[in-house]
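The values are calculated or read from the model by the stated rules, or taken from the named source; none is laboratory data. Keep in mind that this is a model prediction, so the values were computed, not measured. Calculation scope for accessible area: heavy atoms of the full protein, side chains included, ligands and nucleic acids excluded. Shrake-Rupley method; radii C 1.70, N 1.55, O 1.52, S 1.80 Å.
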Amino acid sequence: MPLALLALAVGAFGIGTTEFVMMGLLPDVANDLHISIPTAGHLVSAYALGVVIGAPLLAALTARMSRRTVLIALMGMFVVGNALSAFAPGDDALLAARFLSGLPHGAFFGVGAVVATAMVPPERKARSVSLMFLGLTVANVAGVPVATLVGQHLGWRATFLGVSVIGLAAIASLALLIPHDRGRAASSAGLRGELAALRSVPVWLALGTTVAGFGALFAAYSYVTPMLTESAGFAEGDVTLLLALFGVGATAGNLLGGRLADHSLRGTLFGGLASLGLVLLLFPVLMRAEWSAALAVALLGMAAFVTGSPLQLMVMEKAAAAPSLASSANQAAFNLANAGGAWVGGLALAAGFGTTSPALAGAMLALLGLGVASVAWAVDRRRVTPSAGRVVTSHVPGEPAALHH
């Protein structure tokens, strides 16, 4: 695999760290800024809102620019946002800084996935995407715990300064390792062409699969701490280690999914969603003992992230003539899944169905994801031309249709 993928992984590591570390620093931030925990929680929402807005917007606005330049500029915005977070004088300034930090998140992963697949042969595309996402999953294993410890001992502002340094390292890596010829825009479709790609029904079905599939994960993961403490009997101090175990499972699943998807993209997607649904269905049983609960957490990460690379690659293939916007929109879909899944899981809890009920709600979302993926498969089958036996994956006015045998 090209060494340039390491540069993308470094950027993903920084982004993953800053996205999730706020959860562990909320009490410290709240105490320092003299605000309540619920008010501090808005900082998490501000970042997610930045991702959802920034992913399609920045990808569309930079459609005609060199992708290498775009990646470096996005990491520059990331560094500025985290530095402003470190020096924010109050909660309003920190809220704005967190929103700014989230803006480049989705566009970086979206454009980065396009660049990653351009550097490898077609049979290694999914693996190249999984190697970029490796930075995100490793952040959950190492980056977030270390950054949380730094924040607890040196202050939360030191954490965001450290993340800014990671961003600077990513900029240097991108500048040194991304070839100029591989970082150019793939077509002259521009903003109009990128927007036209989103009119494709298969693209929207792929995005819908992402929302439902990863919504299944977050329906359970958002409430995994009470499951582990109230159902499995773990002490609260053990939860951090168990969440790192989730990161280990996610890392393994991400690498496995990339390898399998290069052999069968749709088969890997169907298998991953089915496995995720099964794991979630078993959660009420697995949460009855500490050893099986720990296993459940690892399996949850593995089953969910097996689908990460296939979902990203499927969206890109359905918008092959202008993939940057669709690829970035898929990152917005991941964050919508985060919010939507947590909401669905919360509904199950509020209805009084029990501590592990969010996992069962997640299983239903996984089933919904399988349903949407099946509809997408059926639509693709109908679009096969009988005479040539080829599938038109996208067509943008002024661009040749992308065909797959």
> With every protein chain present, what accessible area does Val44 have (1.4 Å probe, heavy atoms only), rounded to the nearest 10 Å²?
Replying inline: 40
> Between [x] 123; [y] 135; [z] 216, which matches volume of the Cα convex hull per residue in Å³ calculated for the structure shown?
Replying inline: [x]
> How high is the relative contact order of the range 60-158, given as a whole-number percent (alpha carbon pairs under 8 Å, six or more residues apart)?
Replying inline: 24
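Expressed as a whole percentage, what fraction of the accessible surface of the range 202-338 belongs to carbon and sulfur atoms when a 1.4 Å probe is rolled over the protein heavy atoms?
Details: 3030 of 4420 Å².
For the range 202-338, the apolar C and S fraction of the accessible surface comes to 69 percent.
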>> Helix-only estimate, please: 222 nm mean residue ellipticity of the chain, summing -39500 (n - 2.57) across DSSP H runs of length 4 or more and dividing by its residues, to the nearest 500.
In response: -26000 deg cm²/dmol
> Using θ = phi - 60° and the Karplus curve 6.51 cos²θ - 1.76 cosθ + 1.60, what whole-Hz ³J(HN,Hα) does each residue of the range 141-146 get, with Gly and Pro shown as x?
Replying inline: 7, 10, x, 5, x, 5
> Rolling a 1.4 angstrom probe over the protein heavy atoms, how many square angstrom per residue are accessible across the chain?
Replying inline: 40
> Using the Karplus equation 6.51 cos²θ - 1.76 cosθ + 1.60 (θ = phi - 60°), what ³J(HN,Hα) coupling, rounded to whole Hz, does each residue of the range 48-55 give in order, writing x for Gly and Pro?
Replying inline: 4, 4, x, 5, 4, 6, x, 4
> Under a GNM of the chain (C-alpha, springs under 10 Å), which listed residue has the highest mean-square fluctuation: Ala158, Ala289, Ala169?
Replying inline: Ala289
